[in-house]
Amino acid sequence: MNDCLFCKIVKGEIPSTKVYENEWVYAFLDIDPQAPFHAIVIPKEHIKSAAEINGENSFLVAKVFEAVAEIAKQENLQKGFRVVNNCGEDGGQTVGHIHFHLLARRNLSWPPG
Ligand code: 5GP
Ligand code: ZN
């Protein structure tokens, strides 16, 4: 049994506001947005975190970034955006399915907290 929240979102068992989808990737609006545009971009395949990326599954990270570029065009993010991956406890990861935050439409501070 797979109890993963984001796997359930991919399967449509939990509703989400879809931003983009293709064979490998699903993207949806974050429920608690940290910027005027805040999407979560994930591979459909369950991978726990960035620490689990290897030679077999790394193409899915490339697919995520291809999707990010498509979403940026679709959503007119020509002023720029930020992609964030939180990994593990110290990285602030709260959902155990690798995901990339796509934040835009405000000036994002650097360095992050
Ligand atoms: P993390 O903190 O693991 O990097 O990011 C998890 C993100 O998932 C958070 O920004 C949180 O707001 C978002 N999130 C958690 N549960 C849900 C949900 O049920 N639906 C949506 N759309 N986003 C969620
Ligand atoms: Zn999952």
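Where a number appears in this text, it was derived from the coordinates with a stated rule and is not lab data. Computed from a predicted structure; not experimentally measured. Methodologically, a virtual Cβ is constructed for each residue, glycine included, from the backbone with ideal geometry; neighbour enumeration extends over all protein chains shown.
Which residue, V25, V61, V95, has the most motion in a Gaussian network model of the chain that connects Cα atoms within less than 10 Å?
Of V25, V61, V95, the most mobile in the Gaussian network model is V95.
Mind checking the angle between helix 58-74 and the chain's longest principal axis? C-alpha axes, 0 to 90 degrees, to the nearest 10.
40 degrees
Mind checking which lysines have their C-alpha under 20 Å from K73, skipping anything on the same chain fewer than 8 residues away?
Cross-link targets: K18, K63.
List the trypsin sites (Lys or Arg not before Pro) in region 72-113 that DSSP assigns to loop (not H, G, I, E or B) and whose Cβ has at most 13 other Cβ atoms within 10 Å. Which are they?
K79, R106
What do you get for GluC sites (Glu not before Pro) in region 11-48 restricted to DSSP loop and a cutoff of at most 14 other Cβ within 10 Å of the site's Cβ?
Those that pass, being in a loop and sparsely packed, are E13, E23, E45.
Return the unpartnered cysteines for the chain, using a Cβ-Cβ cut-off of under 4.7 Å.
Those would be C87, since no other cysteine Cβ in the chain comes under 4.7 Å of theirs.
Step by step: find N for the chain, compute 2.2 N^0.38 Å, then divide the Cα radius of gyration by it. What's the final number?
In units of the 2.2 N^0.38 Å rule of thumb, it is 1.03.
Taking R0 as 22 Å, what's the FRET efficiency between N57 and K18 from their Cβ-Cβ distance, rounded to 0.05?
The value I calculate is 0.45.
Taking the chain as a Gaussian network, where each spring joins two C-alpha atoms under 10 Å apart, which residue of A72, A51, A35 fluctuates the most?
Evaluated over the chain, the most mobile residue of the options is A51.
Which residue fluctuates most in the GNM of the chain (Cα springs below 10 Å): I31, I71, I47?
Top of the fluctuation ranking is I31.
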